[in-house]
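Contents: one structure, followed by commentary.
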């Protein structure tokens, strides 16, 4: 017998060799019908994999991320099978699952495959899926595997197999189709009820431009047609909310080939939006005891060699700037933290002086590849809402929890209320990726886990996602369309204080190393604003809107009164404009709607006589006539409701 521990902590005994599906049926037949894969001791396995030892078992459905990955990887096999039937002679390469769906890279061998062929390929995939063919894994010797693919004249699979060793090669069969595969499948093709091929692109074999160019076909699949329909509707809504499209329409930012790729230009409305976000966080930071600092945009190469950033990120940085001084080199700043370490080092400290909290909206530069640049979400120059806290080990727990409070305040005030946390730890199998001692890493990881528990965060642990200098707590936020983004990060660092020889005098009159906390609730202003645009569809919280109201005069006769209204609104600290163009009222209202202006104040004869305005809300709701004072009360009440109270 073996002991199987389930996610709820319960332990069940089964015969050795029982499968995850046997476990599922022992719980309920309903559950078994929906189980498509499993994780045993953190490894994804098939539902028919024999379990030979005690362990932890998680049964996966399509609702689970790992379940989706198994589903989409299995559909990639189905796509490959359909292509071999429709295009005899193609050579298959690899077909993994990805974040949303799957792709398969194929060498068409002189044949043409285009998006026009998608309907026929989809039809063939669903026809094959209806056969409910089981996915079956089996080991193959290296000799047999090479012989199989040499017979098929497939040099790509042969190259993959030549880099493997005997005992680690497996094939997956379904129906009359066989593919080289490591595993992670659903029980059979019958689970796949809806398929959509999304696009086609070129891709070099193994990502090397010196190799053959392949055809990459992207797709997505679901267990129900209804889910595919909902997904496609979501994509359409995402196109409408694309921050690149809305950023242009709302005149927030622009890019210029002459300025350079990945270097955004902030237009007046966008700059005002940034300023308000900065002021919002600066006010909260001041209340929490942070001190503003400013560091230069460049630093000597040695600075980043000391920190380790040059060794880790040198290839992704702009090339060093050589000065007239022989051997002197500077880099555009890739990170703010080395500069802040030197700010701390500018004077001596006692334990009574700690913690020291330094905050800076510091612009940094990374040379991202041109193909990876994407609007504001992937740029070459971006501003981080960076802060670094230098504290004693005894202060670490309290300081870390205070930073969590600050992050939650930011999310709440900007409408990001659906989030989970991710504790990113070292990869124990690859210690060379990280700097610092095991002892310091263990202390740092324990501090994060304890703080997450005490603050009651919903979190998961992910190994291998830590920064090279320390573990971190990342916040994974879902936007209005259900998409997940990583926003906000807090990191514990025992290593940079060592590398920069930071010190403070303790109560024992001995010198000690401080602990360093890195934190950025926004992450970067550019990426944060991009996500905020898409989350809100451009309808930002009222307190953040570049333009909270616009005054629309019915005719020129009421221009003087409209200007008086504008002046009164400014006294109430309401951001407003006066549209005095000679356009029709209908056109002015339509344009105000397109600009996402929250309120339109209509001015005509009645409003002048009564010293009022007629208020129309974005979306068409008519609030009727009211005084400027009453309108200001509405605005202030809405803003008070939106901005959370931040208490230190």
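Any read-out appearing in this document is the output of simple, stated calculations on the displayed coordinates, not a laboratory observation. Treat the numbers as computed from the prediction; the structure is a model and nothing was measured. Reconstructed Cβ throughout: ideal geometry from the backbone, glycine too, with neighbour counts over all protein chains shown.
Odds and ends about this structure:
- Here the scattering of the range 253-536 is modelled by Debye summation over its C-alpha atoms, one equal scatterer each and no solvent; at q = 0.07, 0.09, 0.10 Å⁻¹ the log10 of I(q)/I(0) is -0.26, -0.43, -0.54.
- Averaging the sequence gap over all C-alpha pairs within less than 8 Å and six or more residues apart, then dividing by the number of residues, gives the chain a relative contact order of 9 percent.
- For the range 351-413 and the range 167-182, distance of Cα centres in Å: 46 Å
- Mean separation of Cα contacts under 8 Å (6+ apart) over length of the range 265-372, as relative contact order %: 34 percent
- Anisotropy class of the range 542-642 from Cα gyration tensor, a/c 1.5 cut: oblate
- Taken along the Cα-to-beta-carbon direction at a fixed 7 Å, the label points for residue 503 and residue 8 span 5.8 nm.
- Rel. contact order, % - alpha carbon contacts under 8 angstrom, at least six apart, the range 66-238: 26 percent
- Cβ crowding within 10 Å averaged over residues, with 470-481, 501-512 ranked highest first: 470-481, 501-512
- The distance separating the Cα centre of the range 559-600 from that of the range 73-107 comes to 56 Å.
- For the pair residue 437 and residue 98, the difference between a 0.36 nm per residue extended length and the Cα-Cα distance amounts to 118.6 nm.
- Pairwise FRET efficiency - residue 232 versus residue 572, Cβ, R0 = 45 Å, nearest 0.05: 0.50
- A crude spin-label estimate for the pair residue 173 and residue 114, with each label 7 Å from Cα along the Cβ direction, gives 3.9 nm.
- Nearest-0.05 FRET efficiency for residue 258 and residue 342, computed from C-beta distance (R0 35 Å): 0.50
- log10 of Debye I(q)/I(0), alpha-carbon scatterers only, for the range 338-381 at 0.19, 0.21, 0.34 Å⁻¹: -0.70, -0.77, -1.22
- Separation of the residue 136 and residue 34 label points, Cα + 7 Å toward Cβ, nm: 3.0 nm
- Length gained on full extension, residue 350 to residue 204: 46.8 nm, using 0.36 nm per residue less the C-alpha separation.
- For the chain, dividing the convex hull volume of the Cα atoms by the residue count gives 226 Å³ per residue.
- Counted residue by residue at 0.36 nm each, then reduced by the alpha carbon distance between them, the extension gain from residue 605 to residue 159 reaches 152.4 nm.
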